[in-house]
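The values are calculated or read from the model by the stated rules, or taken from the named source; none is laboratory data. Since the model is a prediction, treat every value here as computed from it, not as a measurement. Cβ: placed from backbone, ideal geometry, glycine included. Neighbour counts: every protein chain shown.
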Amino acid sequence: MTDLEDLYREIILDHYRSPRNRGELESPPARRVEGFNPLCGDEIVLTLLVDDDQVTDIKFAGSGCSISQSSASLMSSAVKGKTLDEVRGLIRTFKAMMSIHEASLEPAASGGSDEGSHDGHDGHDGHDGHDNGAADASGEAANGLGGLGDIRRLGELAALQGVVKFPVRIKCATLSWNALAQALDEIQA
């Protein structure tokens, strides 16, 4: 398992040092959304172009920790060229992966001994009305993975699965995904 963890760490560092799709698209015509994580100060500006129900281009800007910036880079690479339905499926699967640790702790949570998933850093992102999937951990998030096949389907995004060991870092990893979900909601409204 150490080799896999090393590989994941290298993927995260590579996307942090050499981010893909960094910058901003002209808005309009691109949809522009901003996200902010008040716990650590991470900021994201996401701009995307959608044409014929497909993400034709996506860029991100902002500042933050290696987790938030790597996640934004990985996310932008994963969704470019995908249909909106495919992107929504990736969002659900990624958020489910980010909440699997909390979902597995839910039955034991009454004892208050879980690793902080109920200490105010449970992954809920109150600034934009979106959460990281933890709120529906008993339902869609738990079902969203449907087994390891869906995690494998994430490709390089699976490198971020280790973040669930650190509940306060989940918001860092899901910041760009929440911004993406917000943008899709605005586009499809």
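Residues that are at negative phi, assigned to a loop (DSSP other than H, G, I, E, B) and surrounded by 13 or more Cβ atoms within 10 Å (Cβ to Cβ) were ranked within segment 13-24; the one that is farthest from the chain's Cα centre (by Cα) is Glu24. Of all the listed residues (Asp114, Asp53), the sole one being at pLDDT below 90 and among the acidic types (Asp, Glu) is Asp114. For Pro19, the criteria (1) in contact with a Phe, Trp or Tyr (Cβ under 9 Å, 6 or more places away or on another chain); (2) over 18 Å from Leu180 (Cβ atoms); (3) of a type outside the set (S, T, N, Q) hold in every case but one, which is (2). Scanning segment 25-54 for residues that are in a strand (DSSP E or B) and either loosely packed, with under 14 Cβ neighbours inside 10 Å or out of contact with any strand residue (DSSP E or B) (no Cβ under 6 Å at 6 or more places or on another chain) (or both) yields a count of 4. One residue alone among Gly89, Gly62 is at pLDDT 90 or above, within 28 Å of Tyr16 (Cβ to Cβ) and not in a helix (DSSP H, G or I), and that residue is Gly62. With respect to being without any contact (Cβ under 8 Å) to a residue 60 or more places away in the chain and in a loop (DSSP other than H, G, I, E, B), Glu10 falls outside the description.
What about Ile67, is it in contact with a helix residue (DSSP H, G or I) (Cβ under 6 Å, 6 or more places away or on another chain), part of a helix (DSSP H, G or I) and over 13 Å from Leu184 (Cα atoms)? Yes; evaluated as a whole, the condition is true for this residue.
Total residues in segment 166-189 satisfying the condition of being polar (S, T, N, Q), modelled with pLDDT of 95 or more and more than 14 Å from Arg92 (Cβ to Cβ): the figure is 2.
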